[in-house]
There are 2 protein chains.
Amino acid sequence: MPSPLPPSAYVVLGLLGQRSSLTPYQLDKRIRESIGHFWAFPRSQLYAEAGRLIRRGLIAEQRETEGRRRRTLSLTDAGRTELDRWLDTPSASSTEIHDEGLLRLFFLRTDGDCTDAIVSLATEQLEAHRRQLAHYQDLVAARGLPPGSPQRATLELGLRMEQMFIAFWTEAVASPDDLPGRD
Amino acid sequence: MPSPLPPSAYVVLGLLGQRSSLTPYQLDKRIRESIGHFWAFPRSQLYAEAGRLIRRGLIAEQRETEGRRRRTLSLTDAGRTELDRWLDTPSASSTEIHDEGLLRLFFLRTDGDCTDAIVSLATEQLEAHRRQLAHYQDLVAARGLPPGSPQRATLELGLRMEQMFIAFWTEAVASPDDLPGRD
DNA sequence: ATTGGATGGTCTGAAGCGTACCGTCGGTCG
DNA sequence: CGACCGACGGTACGCTTCAGACCATCCAAT
């Protein structure tokens, strides 16, 4: 392991670990339908990451020469080793939560009456998070994700996250002069 | 508003909106002690962002010519306008949650017994989140953040976030064969 | 036969981010 | 007093991240 790999590298390795061989396009699709909900990995990045991993010898590429010139990726032994190593190495970095609504709340002027502003922010955020919650619920219902699978659990965390945001903003709407956090 | 500004731009504008004039260094300090807990804005980025905002005419810089050559930043009228506009524009982007532990969970092989792996991941994550929770609690206690202020509310969301993660990983430790999400 | 959508890939420019590095200032301790 | 140390204040560089536009292929339905 030359230098610690960025998260997107492990996304590629991880997905290849699940099904032996995939094209970057398929990686993209799978990601958009799963972890992509909380952590965006743009398509172009996957192609770039694949290139880097090939150079490091962690994945192998088999490429069509004609037609669509598909790149089919698969783990090498070194890649499998690195993936396994990562999977049971305690993570160094802490959780990042990027939420623009939260940022706006933080910067709302506290002096005088920003009450209206807080109520309208909270109302808007509430609606957005309710929509997202409904979307996750649809996903759970639509796909036959086996209960207890990591994939299902990940989605479950998304559900909880949304429920938490909803609770937070609900309290903010209810008592804008006394925002969540009395104690 | 030429093109939509990135979040870091609003962080700079927002902080300057709170106290009329600050150096990038002071921005950095304030951020590290508040929103920096969930959303890292590295120091170098603040200097870069300040440069961009000056070029756009949203902030003004007054610079010492000798000694430490401090850059003192303040909002221009255009900057104040842009900040106010942003503060009551519904946010377009959705919440991003970057958590390496979650990523690892997602990629744990579901076949056979990954039970041990899940338990050790969950245990490790539990400890990390408990530590972070304790840290937030210290902050609330230490600082005299007025209850009901947006700053306090933001920290409160951090507390809830950690509590939610703790609940999630606790369940994972308790029943690794049946991860959170039975229903 | 055309057209349009799903598939598959590339490129570019800007922003994000870590980290190492360099200078200045104010104290304090020998 | 003066050397030093830690807080201040800023810069530079290199990589990663990311959005978006762009291009080409295949297939199926009209």
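Remark: relative contact order (chain A) = 18 percent; criterion is Cα-Cα distance under 8 angstrom and separation of 6 or more residues.
Note on A:Asp138: accessible area is roughly 100 Å² with a 1.4 Å probe, heavy atoms of protein only. Here the stretch B:100-174 exposes an accessible surface that is 54 percent carbon and sulfur, computed with a 1.4 Å probe and the other protein chains kept in place.
The loop-placed trypsin sites (Lys or Arg not before Pro) in the stretch A:1-104, going by DSSP, that have at most 12 neighbouring Cβ atoms within 10 Å of their Cβ come out as A:Arg19, A:Arg68, A:Arg69.
A 1.4 Å probe run over the protein chains yields, for chain A, 49 Å² of accessible area per residue, whole-number rounding. Using a 1.4 Å probe over protein heavy atoms, the accessible area lost on pairing B with A, summed over both chains, comes to approximately 6600 Å².
Between A:Lys29 and A:Ala142, the distance separating the two model label sites (each 7 Å from Cα on the Cα→Cβ line) works out to 1.4 nm. Taking A:Leu58, A:Leu126, A:Leu108 as the candidate residues, the one with maximal mean-square fluctuation in a Gaussian network model of chain A, Cα springs under 10 Å, is A:Leu108.
For B:Trp39, the amide hydrogen comes within under 5 Å of the amide hydrogens of A:Ile97, counting only partners 5 or more places away or on other chains and with H modelled in the peptide plane. Take A:Ala40, move 7 Å from Cα toward the beta carbon, and the resulting point lies 2.0 nm from the same point in each other copy, nearest first. Label-to-label distances for B:Val119 across copies, nearest first, come out at 5.3 nm, using points 7 Å from Cα in the beta-carbon direction. Across the identical copies, the label point of B:Arg70 (7 Å from Cα in the Cβ direction) is separated from its matches by 6.3 nm, in order from shortest. Here the calculated FRET efficiency for B:Ala174 and B:Arg85, from their Cβ-Cβ distance with R0 = 45 Å, stands at 0.40, rounded to the nearest 0.05. Computed from label points 7 Å out along Cα-Cβ, the spacing between A:Ala92 and B:Gln18 is 3.0 nm. Please report the net charge: other residues with Cβ closer than 12 Å to the Cβ of A:His135, K and R +1, D and E -1. Computed value for this residue: -1.
The values are calculated or read from the model by the stated rules, or taken from the named source; none is laboratory data. Keep in mind it's a predicted model, so treat the numbers as computed, not measured. Cβ coordinates were reconstructed from backbone atoms using ideal geometry, including for glycine residues, and neighbour counts include every protein chain displayed. Heavy atoms of the whole protein, side chains included, go into the accessibility calculation; ligands, DNA and RNA do not. Shrake-Rupley method; radii C 1.70, N 1.55, O 1.52, S 1.80 Å.
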